[in-house]
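Reviewing the structure listed below.
Read-outs throughout are calculated quantities, based only on the coordinates presented, and are distinct from any laboratory measurement. A quick note: this is a predicted structure, and the numbers were derived from the prediction, not measured. So basically every Cβ, Gly included, is an ideal-geometry build from the backbone, and we count neighbours across all protein chains shown.
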Amino acid sequence: MTFAVDPLFVDSFGLSEVVVVLLKVVLVFVFLLVAVMLNIWFMRKVISDMQNRIGPNLAGPWGILVTLADGIKLFFKEDLIPEKSHRFVFKMAPYLSLIPAFLVFAIVPIGGDFNRADGSEGVVTILGHDTLLQVADPPVGILFFLAMSSLAIYGVMLAGWASGSKYPLLGSVRASAQMVSYEAALGLSIASVVLISGTLSMHEMVLAQTGAGFGGFIPSWNIILTGFIPFVVFLIAGTAELNHPPFDLVEAEQELVGGFHTEYSSIRFALFYLAEFMNQITMGAIIVTLFLGGPAGPALFVPQGWWIGVFWFFLKLMVFLFAFVWLRATLPRLRYDQLMDLGWKVLIPLSLAWFLVLAGIRTGRDRGWSSVEVGAFAVGFGVVCMLCAGLLMMALRSARIARLAELEEDRAGLHEPTEGGVPWPN
Amino acid sequence: MAELTDYLKGFAVTFKKLFEERVTKEYRGGMAKPGQPDEKRPKVERLHGRHVLNRYEDGMEKCIGCELCAGVCPAKCIHVRGADNDPDNPTSPGERFGYVYEINYLRCIHCDLCVEACPTQAITESKLFEFSFTNRNDAIYTRDELLVGDDGKPQKLPWEDWREGEDELTSGWMRATSPSGDHRYEGVVQWSEELGYGVRAPELGQSAETADADADAGTSGGGDA
């Protein structure tokens, strides 16, 4: 196995390569900061449009600098550290959620011309060096994303714990429970994609999705190749992973004040806010890369180049950023038990079953099954799935009946005032 | 399945809103730079705003210093002291006039009870509520500030945001319901003339609306005759 598939490191590694890498790092860093600024503005503007309001319109043209004004304001506010807090962890937590948010974007391919068929798809030349438009393309690729999103939980968890206050603690317990549960569904739908693409590297995933698919015009994107279900599961689980509405129980104002960042103020709060919206962008970019072919897209313009990939990437990304705002404007927040039900009883079984179907089809294709055999497998598997779903629902129902009976029993017992007890209100 | 389509309906609703008219107005409190919009939302005719002290057509003040407004005020925000008129140069027709008249707008709840209590329609409310101050003393309006000017219109104080046409109707609520909101007096003129406007016509009120509705529908009945 090579150290990396990036052509930059193939021949030699010297000062000029370091310069190229540093250039890419700085570019992505600046891009992320500016993109977060615009993303927050975009969210506020679209959500106000959806509520018949005008929205921010004072700072800069169309209010585009509103985030900058907010950031400057937060920077100059007083920074409070609660007396009961664990000071070191309290100070460290914002960085624990911010740094993973930055790091994840390193593996996202954001441009390059993928319409060439000479083995140099997506390769660009910077300062005379061939390289990919992506900070790093590690062979573990998408696993890095899972690792970083798990690390980000620590930021939320420790922020709540270190605040030394009950609402942040409750918020962070919710957050970690939610993120851990949804990560399973997220991982299973990623597994489907990996199965179809046959690679973990983000660049090779994009390569696998280039070229014309069925009928010459439907793109061979993973959203179609994996049969749509993993995409839906990933979108829902990803939204939950972001703690984005309707899954924002972590910061449910009516119940938990501000959630895990209740005690945070000034620039530390701004860092959490930054991380939240940066994660949105990153999640959108990951969805685009996994399911929609990333920067790959048809060449619509005559002068071709690396920027066609950039154009397609941002077009697809904007669709998801809009979708996130749309979700925020439309859906009310889930209750905690609904959240857990959706995660454990719907998304995980669904994505697991779908993964097995894909694996079966893949195995069949490798062994050269005929279409009749594949059909028979599909039907058989469908029957098994239905049976399993039926059994699961029966189990859930009987558990519910038992729980209700128990409750009834408890109430009946409590209704009579016992010695020193308090009568149960009917 | 029905649940799923209901979800989609919700998304359709929020998407449609993108193209609807905005309900918010851009109000900058009269501080707009040139070219910037600065609109107020239209107000209802009988809005309870900043008070004015009215005058008769000959310029005499209507206030007689009886302190009924101060007595009825639930917020205790009105301070009135009367004094005897100078016989040679009277301020108001009659014996006495309002010598001190102060309203504390940090306390006033704009309930209009003072307007109802006033026997001479001296105090009424304009439609202005866009006035703010930076210290507590400025919140106390004195007689000099409350009195209408020589043209019968409210004084436009520097910290108030008056717009075109807002100083026209300073007695809407009184003219609609006086006295005591009794419907039998609807349309009956119970008030004196005002400087600059003469005797203002009564508002037609609810019976006019019923009459209109009857005429439109071509049926009779409804409303109390």
- Which order do B:Thr14, B:Thr5 fall in if you start with the one that has the fewest other Cβ atoms within 10 Å? B:Thr5, B:Thr14
- Percent breakdown of C-alpha pair distances by 10 Å bin, ordered from the shortest bin, for chain B: 7, 25, 28, 18, 13, 6, 2, 1, 0
- Separation in nanometres of the label points that stand 7 Å from Cα toward Cβ, at B:Thr5 and B:Ala32: 4.6
- For chain A, set up a Gaussian network in which alpha carbons nearer than 10 Å are linked by springs, and say which option among A:Gly284, A:Gly71, A:Gly122 fluctuates the most. A:Gly71
- Task: Would you mind listing how long segment A:7-368 runs along its three principal axes, going by Cα atoms, in whole Å with the largest first?
- Result: 62, 48, 45
- Hydrodynamic radius of segment B:59-193 per Kirkwood, over alpha carbon pairs, in Å: 15.9
- Message: Take B:Val13 and B:Lys40, extend 7 Å from each Cα along the Cα→Cβ direction, and tell me the distance between the two endpoints in nm.
- Response: 3.4
- Can you give me the pair-distance distribution of the protein assembly as shown, C-alpha pairs, 20 Å bins, whole percents? 14, 32, 26, 20, 7, 0
- Over every pair of different alpha-carbon atoms in segment A:163-273, take the mean of 1/r and invert it; report that Kirkwood radius in Å. 16.3
- Task: Can you check what the net charge comes to around B:Gln36, using other residues whose Cβ is under 9 Å from the Cβ of B:Gln36 (Lys, Arg +1; Asp, Glu -1)?
- Result: 0
- Note on the structure: Dipole check, segment A:7-368, charges on Cβ (K,R +1; D,E -1), about Cα centroid: among A:Val26, A:Gly122, A:Ser192 the Cα furthest to the positive pole belongs to A:Ser192
- Most mobile of A:Ile40, A:Ile72, A:Ile281 per a Gaussian network model of chain A (Cα springs, under 10 Å)? A:Ile72
- Message: Could you identify which residue out of A:Met43, A:Met179, A:Met393 has the top mean-square fluctuation in a GNM of chain A using Cα springs shorter than 10 Å?
- Response: A:Met393
- Note on the structure: Both in Å, the radius of gyration and Dmax of the C-alpha trace of segment A:62-209 are 20.3, 63
- Task: Identify all lysines with a Cα-Cα distance to A:Lys84 below 26 Å; exclude those on the same chain that are fewer than 8 residues away in sequence.
- Result: A:Lys166
- Binned Cα-Cα distances of segment A:100-186, short to long, each 10 Å bin given as a whole percent: 16, 31, 24, 16, 11, 3
- Excluding residues fewer than 8 positions from A:Lys24 in its own chain, the lysines with Cα under 23 Å of it are A:Lys316
- Based on the Cβ-Cβ distance from A:Val19 to A:Glu78, what FRET efficiency comes out when R0 is 51 Å, to the nearest 0.05? 0.80
